[in-house]
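To start, the structure under review is shown below, and the notes come after it.
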Amino acid sequence: MVGAAGADITLKMPVGTIISDAETGEVLYELLTPGEVITIAKGGDGGFGNLRFKSAINRAPRQKTPGWPGEKKNLKLELKVLADVGLLGMPNAGKSTFITAVSNARPKIADYPFTTLHPNLGVVRVGPEQSFVVADIPGLIEGASEGAGLGHQFLRHLQRTRLLLHIVDVAPFDEAVDPVAQAKAIVNELKKYDQQLYNKPRWLVLNKLDMVPAEEREARVKDFVKRFKWKGPVFEISALTREGCEPLIHAIFRHVQSEQRTENEPVEVDPRFAGDAPA
């Protein structure tokens with residue numbers, strides 16, 4: 001009854017929310033900027049009352065026009081966290097220990113698998129005004145893309161990352177467990193889940209080297225890389241003792257900074273149309 005002066009109904013949503021049509025699945029909006037305001041559904045328009053038609057010759061008008069109803073929509077809201085780096089790995093690979101060692105995040109850490117039950121975000125400070133965000137998700141197991149375990153529910157949170165760290169436990173308690181087979185299973189699940197996620201830059205991080213005798217480390221790392229047939233960057237760390245973590249986070253920051261510069265580069269305009277480009 002207040003017409004144009006009616007207050008808007010504003011819903012506050014976290015950055016990273018995806019709004020899609022619940023019936024068709026079409027993505028309508030992605031909230032990627034803090035403070036961004038969008039119109040999801042337009043309110044109704046009231047019709048003209050009889051006062052609108054009053055004039056000197058029509059002192060008691062009986063005319064009116066009907067209004068228009070507001071929009072109704074069934075929407076699906078999905079949150080994908082915004083992080084620069086995502087952690088991949090089997091349960092108990094040391095992902096939570098790593099994010100605790102390098103960031104301000106304090107996830108639950110225990111000596112049994114599936115300790116992490118929901119995504120954890122941590123800000124890694126490299127220097128003054130130099131930082132990046134890391135996302136730790138529940139560990140993946142073989143069959144995750146078909147719904148086994150918990151990790152598949154959170155893989156979507158890694159789709160906006162610029163870099164994936166594949167953390168591998170090179171010193172499992174069970175000697176019958178082959179770290180190479182586990183690492184291959186993770187890569188296979190990633191490929192089944194989303195080809196774009198599989199194609200993201202991915203670094204191999206061999207963790208828990210403090211559990212390997214110093215004289216055996218080099219041979220074990222070489223054997224793993226050879227059998228895994230890995231050609232990309234390899235980092236050797238111990239998240240528990242922070243050994244090797246500093247070089248890794250500095251390398252990550254340089255990579256993230258490079259990606260940000262590339263994204264912010266102006267698009268080249270064909271000289272033939274340079275005069276038509278908007279000011």
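Within region 217-237, if we keep just the residues that are open to solvent by 50 Å² or more (accessible area, probe 1.4 Å) and in contact (Cβ under 8 Å) with a residue 40 or more places away in the chain, the residue that is nearest to Pro172 (Cα to Cα) turns out to be Arg220.
For the subset of region 238-254 comprising residues that are open to solvent by 40 Å² or more (accessible area, probe 1.4 Å) and of a type outside the set (Asp, Glu), which member is farthest from Phe173 (Cα to Cα)? If we take residues in region 238-254 being open to solvent by 40 Å² or more (accessible area, probe 1.4 Å) and of a type outside the set (Asp, Glu), then Arg254 is farthest from Phe173 (Cα to Cα). Going residue by residue through region 180-189, is there one that turns out to be touching a residue at least 40 places away in the same chain (Cβ under 8 Å), within 22 Å of Ala83 (Cβ to Cβ), part of a helix (DSSP H, G or I) and open to solvent by 20 Å² or more (accessible area, probe 1.4 Å)? No, region 180-189 contains no residue that is touching a residue at least 40 places away in the same chain (Cβ under 8 Å), within 22 Å of Ala83 (Cβ to Cβ), part of a helix (DSSP H, G or I) and open to solvent by 20 Å² or more (accessible area, probe 1.4 Å).
Could you please let me know if Asp210 is assigned to a helix (DSSP H, G or I), in contact with a strand residue (DSSP E or B) (Cβ under 6 Å, 6 or more places away or on another chain) and not small (Gly, Ala, Ser)? It is true that Asp210 is assigned to a helix (DSSP H, G or I), in contact with a strand residue (DSSP E or B) (Cβ under 6 Å, 6 or more places away or on another chain) and not small (Gly, Ala, Ser).
Pick from region 107-166 the residues that are crowded, with 18+ Cβ neighbours inside 10 Å and over 17 Å from the mean Cα position of the chain (by Cα): which of them is modelled with the highest pLDDT? Of everything passing the filter in region 107-166, Pro107 is modelled with the highest pLDDT. Go through region 72-82 and count every residue that is open to solvent by less than 100 Å² (accessible area, probe 1.4 Å) and over 30 Å from Leu197 (Cα atoms). Result for region 72-82: 1. Only one entry of Pro233, Pro266 meets the criterion of being at pLDDT 90 or above and farther than 20 Å from Thr100 by Cβ, and that entry is Pro233. Of Ile40, Ile9, all but one fail to be exposed (fewer than 11 other Cβ atoms within 10 Å of the Cβ), more than 20 Å from the chain's Cα centre (by Cα), farther than 30 Å from Glu246 by Cβ and at pLDDT 80 or above; the exception is Ile9. Based on this model, can you work out whether Val205 counts as outside any helix (DSSP H, G or I), open to solvent by less than 60 Å² (accessible area, probe 1.4 Å) and modelled with pLDDT under 90? So Val205 does not fit the description; no. Residues in region 83-101 that are under 16 Å from Gly244 (Cβ atoms), within 19 Å of the chain's Cα centre (by Cα) and open to solvent by 10 Å² or more (accessible area, probe 1.4 Å): Lys95, Thr100. Do we have any residue at all in region 46-63 that's under 24 Å from Arg160 (Cβ atoms) and open to solvent by less than 100 Å² (accessible area, probe 1.4 Å)? The answer is no, given that none of the residues of region 46-63 is under 24 Å from Arg160 (Cβ atoms) and open to solvent by less than 100 Å² (accessible area, probe 1.4 Å).
The values are calculated or read from the model by the stated rules, or taken from the named source; none is laboratory data. Since the model is a prediction, treat every value here as computed from it, not as a measurement. Using ideal geometry, Cβ is built from the backbone for each residue, glycine included, and neighbour counts are taken over all protein chains shown. Note: accessible area is taken over every heavy atom of the protein model, side chains too, but ligands, DNA and RNA are not part of it. Shrake-Rupley method; radii C 1.70, N 1.55, O 1.52, S 1.80 Å.
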